[in-house]
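Shown next, in structure tokens, is the structure this report addresses.
The values are calculated or read from the model by the stated rules, or taken from the named source; none is laboratory data. Only a predicted model underlies this, so the values are computations on that prediction, with no experimental measurement involved. Cβ coordinates were reconstructed from backbone atoms using ideal geometry, including for glycine residues, and neighbour counts include every protein chain displayed. Areas reflect the complete protein model, heavy atoms only, side chains present, ligands, DNA and RNA absent. Shrake-Rupley method; radii C 1.70, N 1.55, O 1.52, S 1.80 Å.
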Amino acid sequence: MTTLITLEDVMKQEDNQVVLKGIHLNIEETSQIGIQMTNKESTVFFKLLSGELSPTGGRIDKETTGILTEFAEDALYESLTVQSYLTIFKKIADFPKPLEEFIGIFSLSDVWRTKISRLSLDQKKRISLFRMSLFAPKLLLLQSPLSHSTSEGVELYIKALEHLQSQNTAVVFTSHYLEELLLLSNDIYRYTRNDGLEKTDLAIEPKSAPDDKQETIIKPNKVYKVSSRRTDKTIFFSPEEIDFIESINSVSTIRIGEEYFPTDLTMNDLEEKLTNFGFFRCHRSYLVNLQRVSELVSYSKNSYMLILKGNANVKLPLSRTRLEEMKALIEF
């Protein structure tokens, strides 16, 4: 497989401040890479990949110039209709085929002659994706593409994205939310100032045979707290406070709202202790508080997500083999 870009120990400073460091990454043809980082870090990272910025240290080797970037704040020509807007870029890209052949793929048939200013955010994101596809890019760099999307919008965006991926377009996604990256990526990384860029263990869970299921052990309810150690103290959480627990690089991490609290317990230990408090192992890397679940969304026959109350941006993967098991636990 052809390598498009290689980054070796890349570091970037701006205004005498380190923005990125310790970046080692290979981007190959057909890659679908997700990176958890802030918008500022993502903006600098994308500008390094596109060549708009040069690294302060390290090396970037590029084998392609066919790179297109979409930042979260990018806007469209809203006074134009969808058809007029895309026709302009069809001419610029010298795209040979009629646009009408592709409007169904991007789910824009109903708004083809509508002004962009009247459209939803979901529709605008698909227009942007359509525009970039006209240039047949080798690599797309997309910043938080599902941010603030509706469940239907997520489904339609993923469908449109599959069209580009079928043409061997590599994609790098960045987002603050790991849950968003799980929907889009095959390989997921997390960037931190201390450790640089590290690959996570949030892989797709393999299917298991029905007879592999372990019998659920019912234990009496008891008072139980989950602890998280800090340098000078230990914090205790009641189970009902916790939204979910995720495994990141083999470290179990408590999630409460936007806050992260690592714990010494393994996911298996936590699953055993929290089952009687309404927690469910929806994926090998996630243990969710079912009281926090508000929606079950199917993006395809093999792709399910749980959406949590009060935070539509949190979407937890649900293994297909565990769907019926979860349904049996929830009383309607």
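Note on the stretch 82-113: residues that are over 21 Å from Q167 (Cβ atoms) and open to solvent by less than 30 Å² (accessible area, probe 1.4 Å) total 4.
Here S79, S84, S117 are screened, and the one residue that is polar (S, T, N, Q), assigned to a helix (DSSP H, G or I) and over 30 Å from E179 (Cα atoms) is S84. Here is the figure for the stretch 246-263: residues that are at pLDDT 90 or above and over 15 Å from T200 (Cβ atoms) total 2. Screening the candidates L134, L121 for the property of being open to solvent by less than 70 Å² (accessible area, probe 1.4 Å) and among the aliphatic types (A, V, I, L, M) yields one hit, L134. Of everything in the stretch 1-17 that is touching a residue at least 60 places away in the same chain (Cβ under 8 Å) and hydroxyl-bearing (S, T, Y), the residue that is least open to solvent (accessible area, probe 1.4 Å) is T3.
Every listed requirement among (1) under 20 Å from E41 (Cβ atoms); (2) in a loop (DSSP other than H, G, I, E, B) is met by P96 save one, (1). Taking the criterion of being over 25 Å from L318 (Cα atoms) and loosely packed, with under 13 Cβ neighbours inside 10 Å, the residues of the stretch 226-267 that qualify are R229, R230, T231, D232, K233, T234, F236. Exactly one residue among K90, K12, K40 is on the phi < 0 side of the Ramachandran plot and assigned to a strand (DSSP E or B), and that residue is K12. The set of residues in the stretch 29-71 that are of a type in the set (D, E), within 13 Å of L140 (Cα to Cα) and surrounded by fewer than 16 Cβ atoms within 10 Å (Cβ to Cβ) contains only E29. Among what's in the stretch 288-329 and is modelled with pLDDT under 85, of a type in the set (A, V, I, L, M) and touching a strand residue (DSSP E or B) at 6+ places or on another chain (Cβ under 8 Å), pick the residue that is most open to solvent (accessible area, probe 1.4 Å). So, considering only residues that are modelled with pLDDT under 85, of a type in the set (A, V, I, L, M) and touching a strand residue (DSSP E or B) at 6+ places or on another chain (Cβ under 8 Å), the one most open to solvent (accessible area, probe 1.4 Å) is L329.
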